[in-house]
């Protein structure tokens, strides 16, 4: 079986667990009423999300939105990198704070390279698609600065597939899940007071210690 086919089956299995309610029921039976549930939203100050999951440090294991609510054991939460060192954050910093045109940022030039070599990047299949995507980020920046918050469909009412994804490490700390890069970058650079994120996976030590419950109830 190809890697792509295996990945598709894994996603479908996780999606079925979420949509059927089996994951929620199983978590509550094993870990009590405060156990993680899929698509749970938690509010953070943007600056709390300092690190992101870095799969290259974890045997390239992908952890995606389809795993929302999963209690995942292992050392995956130790595989991290600073969020602000990411190519996308640095490109947003240069554009929004320094005035560098998008086409002179590494995010866009890297995207052009990926489209040329792989035919797709960030759901964009042509250079024109990517240029339009970054133009929409300018509009998002203006709206966020004006309102002091991200638009609700991208934050408060989002689900695991559409929201800013956050995993919870063994200490109960948030770990950015590599979904919603530009939104998180804009939230940090625009200095908005809070963002609503959607839970990805949760380390079992955070559940057993009660730190996940503390995070939910703060």
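All of the numbers you see were taken from the coordinates with simple rules; none came from a lab. Computed from a predicted model, the values in this text were never measured in an experiment. Reconstructed Cβ throughout: ideal geometry from the backbone, glycine too, with neighbour counts over all protein chains shown.
Just wondering, is there one or more residues in segment 159-179 that are under 14 Å from the mean Cα position of the chain (by Cα), part of a helix (DSSP H, G or I) and surrounded by 20 or more Cβ atoms within 10 Å (Cβ to Cβ)?
Scanning segment 159-179 turns up no residue that is under 14 Å from the mean Cα position of the chain (by Cα), part of a helix (DSSP H, G or I) and surrounded by 20 or more Cβ atoms within 10 Å (Cβ to Cβ).
Take residues that are surrounded by 12 or more Cβ atoms within 10 Å (Cβ to Cβ) and under 16 Å from the mean Cα position of the chain (by Cα) and tell me which of the helices (runs of 4 or more DSSP H) falling wholly in segment 49-149 contain 2 or more.
Counting at least 2 such residues, we get 87-92.
Residue by residue through segment 33-48, note down the ones that are in contact with a helix residue (DSSP H, G or I) (Cβ under 9 Å, 6 or more places away or on another chain), surrounded by 14 or more Cβ atoms within 10 Å (Cβ to Cβ) and not in a strand (DSSP E or B).
Within segment 33-48, 34, 35, 36, 37, 38, 39, 40, 46 qualify.
Looking at (1) free of Cβ contacts under 8 Å to residues at least 40 places away in the same chain; (2) within 25 Å of residue 9 (Cβ to Cβ); (3) in contact with a strand residue (DSSP E or B) (Cβ under 9 Å, 6 or more places away or on another chain), can you tell me which one residue 58 breaks?
All conditions are met except number (3).
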